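The structure appears right after this line, and notes come after that.
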């Protein structure tokens, strides 16, 4: 039986979204077809903007609007441009979205460096693939005093943090890692054993 | 702190996909930004096609390519057009994707009628919202002998099936419902009590 070719193509295209398999893509496609086409056209336009309206800060790797870049003289973002930031500290993160999370929830006032993911040789992601050569260059050029490692607490994130620690030590730069322990407002019963064991061993005297 | 406006718009637009909340949309947006922009442009184009390339069969409601429709004389789909189908049976389903599922897995040779979802007055979906007025018109006009109800086995699907049964009975049309019971290749331990209870009570002598 002949299906709609365009519908099949749409379903295939939706599967490029992370975590979306063929069954979910099919459900999404049918739902989009049953709703106002304006919504799909809107999403279509916003996806197009990825290519034409958004770029990366050449210094830290955070995403920014190209039209904002054109307004100013340099190719770097608002954080890297701001004069009153502490230039001697760099916080290293795995994903650009973490910049906003950290900047909003802390009073951190240094610079950022966004990795292109984490080290995972099995997936073909070595040091240069995730931008560590760029970071090394920055460490040797600028007068950096502290490197804060805020990579994820996954095995890959830990391996990446370990690699960067060695890199910074060679350059005689102090390295810190975000504290591990119980997340706030959480129930201990829902936590994994490793977290609880770590939090228990590192308990603080009140 | 100033984020990318276009990035925020993209995240908002992605949340129109069913089952995608803000956190998932954010993850999807960052992943799209980190992959080849061609993929996003491709998805963008396919979404645009929803408006311009895909339409619904005016008879049964299945999706079809507009260019296919233009090649033939009428506005109906390949199933409704085919001469050797049994015109006296209609299978009623909730979603257009179920047409393909049933057509591929059975030797059913009648017509289909796709509802716009199921009856759910609390969500503002009454009989005319899901297209039951169209179905009633078709039942009274054509020489229909049997109506096969293949709505989902959810509460809403059952209520919809019940409503259609009454409608068909008024028109003196035989109504059947897909059989309930254990799904094949499944483990009984994973099934809900209601299914097991039903399958047990409706057991067949071998």
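The values are calculated or read from the model by the stated rules, or taken from the named source; none is laboratory data. Everything numeric in this text was worked out from a predicted model, so none of it was measured. Note that each Cβ is placed from the backbone with ideal geometry, even for glycine, and that neighbours are counted across all protein chains shown.
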If you go through B:17, B:43, the only one that is assigned to a helix (DSSP H, G or I) and in contact with a helix residue (DSSP H, G or I) (Cβ under 8 Å, 6 or more places away or on another chain) is B:43
Open item on the list: Please verify whether residue B:29 is more than 7 Å from chain A (Cβ to nearest Cβ), surrounded by 15 or more Cβ atoms within 10 Å (Cβ to Cβ) and farther than 30 Å from residue B:159 by Cα, treating the condition exactly as stated.
Closed with: yes
Subset of the stretch A:13-25, residues loosely packed, with under 15 Cβ neighbours inside 10 Å and either within 15 Å of residue B:30 (Cβ to Cβ) or at the interface with another protein chain (Cβ under 8 Å from one of its Cβ atoms) (or both), comes to A:18, A:19
So, first residue within 15 Å of residue A:33 (Cα to Cα) and more than 8 Å from chain A (Cβ to nearest Cβ) in the stretch B:90-106, second residue in a helix (DSSP H, G or I) and at pLDDT 85 or above, Cβ within less than 7 Å, six or more apart or across chains; the pairs are B:94/B:157
Q.
Quick check on residue B:129: is it in contact with a strand residue (DSSP E or B) (Cβ under 6 Å, 6 or more places away or on another chain) and at pLDDT 85 or above?
A. no
> Does any residue of the stretch A:191-204 turn out to be surrounded by 15 or more Cβ atoms within 10 Å (Cβ to Cβ), touching a helix residue (DSSP H, G or I) at 6+ places or on another chain (Cβ under 6 Å) and outside the structural domain of residue A:60 (by TED's automatic domain parsing)?
Replying inline: no
Among the residues of the stretch A:62-89, the number that are surrounded by fewer than 19 Cβ atoms within 10 Å (Cβ to Cβ), touching a residue at least 12 places away in the same chain (Cβ under 8 Å), part of a loop (DSSP other than H, G, I, E, B) and in contact with a helix residue (DSSP H, G or I) (Cβ under 8 Å, 6 or more places away or on another chain) is 2
Scanning the stretch A:90-132 residue by residue, those in contact with a helix residue (DSSP H, G or I) (Cβ under 7 Å, 6 or more places away or on another chain), part of a loop (DSSP other than H, G, I, E, B) and farther than 21 Å from residue B:28 by Cβ turn out to be A:108, A:119, A:127
